[in-house]
Structures are given as C-alpha cells and as structure tokens.
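The values are calculated or read from the model by the stated rules, or taken from the named source; none is laboratory data. Since we're looking at a predicted model, the values are computed, not measured. Backbone-built Cβ (ideal geometry, glycine too); neighbour counts: all protein chains shown.
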Amino acid sequence: MQTRHTLLLALVLLGGTATVFAKKQSVTQAVQPRELSLLRVNVTGQAYDYFRPWQKRAPFSKRALGAVLSQGRVLVTADLVANQNYVELERAESGEKMAASVEVVDYEANLALLQPQDKKFLDGLAPLELANDTIVGDRVAALQLEQTGALVVTDGLVTAVQVMRYPTEVGQFLTYRLSIALQYRDN
C-alpha cells in the first residue's frame with residue numbers, strides 16, 4: 001500500500017449535492033506524520049471602508065495554521081490573508097518568526113500560497129504531500145498544534161466525496177465530508 005499524507009485544513013460541510021460513494025473492501029489506516037509540517041501564520045491587516053473608500057477600517061490581526069508544501073511554500077486560506085498588510089510565519093517548536101509574502105490567492109477556492117522571505121526558514125520541516133486518490137472509506141489525519149507547539153494528530157474517516165458550491169456560489173469544487181472528532185485548539 002502506498003504511503004501518503006492527507007491534509008485537512010477546513011472541511012466542515014453542511015449539506016451538498018452530487019454525493020459520490022465509492023465501494024471499498026477494506027478501510028485503510030491514516031498515515032501519521034512523524035515530523036511537524038505546520039506553521040502558525042500571523043496576519044495584520046486593514047480593510048477598506050466601502051462607504052468611504054478613501055479611508056480604511058480599524059486594523060485587525062488574525063492567527064491560523066499553514067501547511068508546509070514543497071518548493072518552500074505554505075498553504076493557508078484566502079480569507080486569512082485578505083486585506084493583509086503584514087504576514088508572518090512562526091515555527092511552532094521554537095517560536096522563531098519570519099516575514100512572508102503572498103505568492104498567489106484564489107478567493108473562489110479560498111486558498112492562498114505564502115512564501116517566506118528566507119527559504120531557509122522552512123529547513124527541517126517536512127513538506128506535506130497532497131493525495132489525489134482519496135476515496136470514501138479512507139482514513140485521513142487532521143493536524144493541529146497545542147499551545148506548546150506539540151503536534152496533535154486526529155484520525156478521521158472520509159464518509160463522502162462530493163462536488164458542491166464552496167465557499168462562494170461562483171463555482172463548484174470537489175470536497176470531502178469527514179467523520180472526525182476535533183478538539184478546539186487556540187492556534
């Protein structure tokens with residue numbers, strides 16, 4: 001059986017159409033990552049005031065997790081970096097911080113790629129591999145971080161694969177419905 005890591009960022013789905021259920025004889029076990037592949041992402045920003053477009057609203061800050069990918073990139077949600085002024089990556093195990101730039105944003109799919117100013121910042125972090133053959137019945141691993149920076153891995157079951165409108169009503173995307181018990185973590 002081929003080893004693979006499956007990344008879960010945010011797949012809490014309510015309802016949907018065109019559910020596809022695949023037949024599978026045995027349930028596979030999720031591969032547990034041995035190395036930390038997550039970073040904390042700190043963003044400060046300021047949105048424009050739509051009623052007074054010449055001025056901005058009050059500044060805000062957001063914090064979330066980013067998944068380390070190959071080629072020195074970090075995957076986050078587009079919502080996190082919308083209206084950003086400054087993006088900073090933080091290593092969970094050491095607290096070391098590095099400024100980052102937004103490489104590309106897809107607001108329709110709610111995904112963005114970040115790149116640290118110094119590519120050596122990601123040295124020692126194993127990039128996650130994206131699986132493209134996940135089917136109903138597969139086990140996947142959801143990755144979270146403790147306050148201390150320790151990796152928490154929770155096992156879940158893929159219960160449906162469906163094409164649905166997410167997160168905007170502009171397009172339809174392949175989504176996965178999971179049965180998983182996640183604890184709240186203030187990342």
- Item | Tally of residues being in a loop (DSSP other than H, G, I, E, B) and within 15 Å of the chain's Cα centre (by Cα) across region 109-118 | 2
- Message: If GLU103 meets every condition in (1) outside the structural domain of MET164 (by TED's automatic domain parsing); (2) part of a strand (DSSP E or B); (3) in contact (Cβ under 8 Å) with a residue 40 or more places away in the chain apart from one, which number is that one?
- Response: (3)
- In region 57-95, what count of residues is obtained for those that are farther than 14 Å from PRO127 by Cα and in a helix (DSSP H, G or I)? 4
- For region 142-187, how many residues meet the condition of being small (Gly, Ala, Ser), modelled with pLDDT under 80 and loosely packed, with under 15 Cβ neighbours inside 10 Å? 1
- Examine region 70-84 for a residue that is of a type in the set (Asp, Glu) and within 20 Å of GLN144 (Cβ to Cβ), and state whether such a residue exists. yes
